[in-house]
Amino acid sequence: MVTFVQPTLLAVGIESLPKSSSAIDVYAASTVREVMSTMRLIGFDLVVVGLDDPHSDVWEVMHRVLTAWPQQRWMLASSQVTQEEEILARSLGAVVVLDTVPDEQWLAAFSSSLRRRDPVGGFSPLASSCGSRVDLQADWRTVEA
């Protein structure tokens, strides 16, 4: 039996992203605090960042996100991206930079393809041993007194 899990996206600083539907789950956050607290609870396939909100510092948000979750995939989608912003986004590891906000089908297909290529499959934002196996590796040596 194959179960389909719809992609989960987090929208930051972007207003024209499609809402949740049968194809994707979309959550929105506008402040660093909202983003960080949401990401602690939910594992996102993709963070979609825009430059629509002039009061939101998306670069600070992404710096904090990538410090806490370095494997998090994200993209920049905005009609007002400058060359400097594109360079900054790519240097911070953006998977793709778009000059328009993609539609729901594109986002669902793109997020699903990222999930299929995910080298850390099943990664959870919270490390928990409940219901999952945790492998610990250590370099141990005997200590002589």
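Rule-based calculations on the coordinates, nothing more; no lab input. Computed from a prediction, not measured in an experiment: that's the story for all the values here. Cβ placement follows ideal geometry from the backbone for every residue including glycine, while neighbour counts extend to all protein chains displayed.
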Hits in region 89-117 (condition: under 18 Å from residue 27 (Cβ atoms) and either part of a helix (DSSP H, G or I) or among the hydroxyl-bearing types (Ser, Thr, Tyr) (or both)): 104, 107, 108, 110, 111, 112, 114, 115
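A quick yes/no check of all residues on (1) outside any strand (DSSP E or B); (2) of a type outside the set (A, V, I, L, M):
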site	(1), (2)
5	yes, no
10	no, no
19	yes, yes
38	yes, yes
53	yes, yes
Search result, residues across region 40-72 that are touching a residue at least 40 places away in the same chain (Cβ under 8 Å), over 21 Å from residue 16 (Cα atoms) and touching a strand residue (DSSP E or B) at 6+ places or on another chain (Cβ under 8 Å): 42, 43
Residues of region 56-103 satisfying the condition of being of a type in the set (Lys, Arg) and over 17 Å from the mean Cα position of the chain (by Cα): none
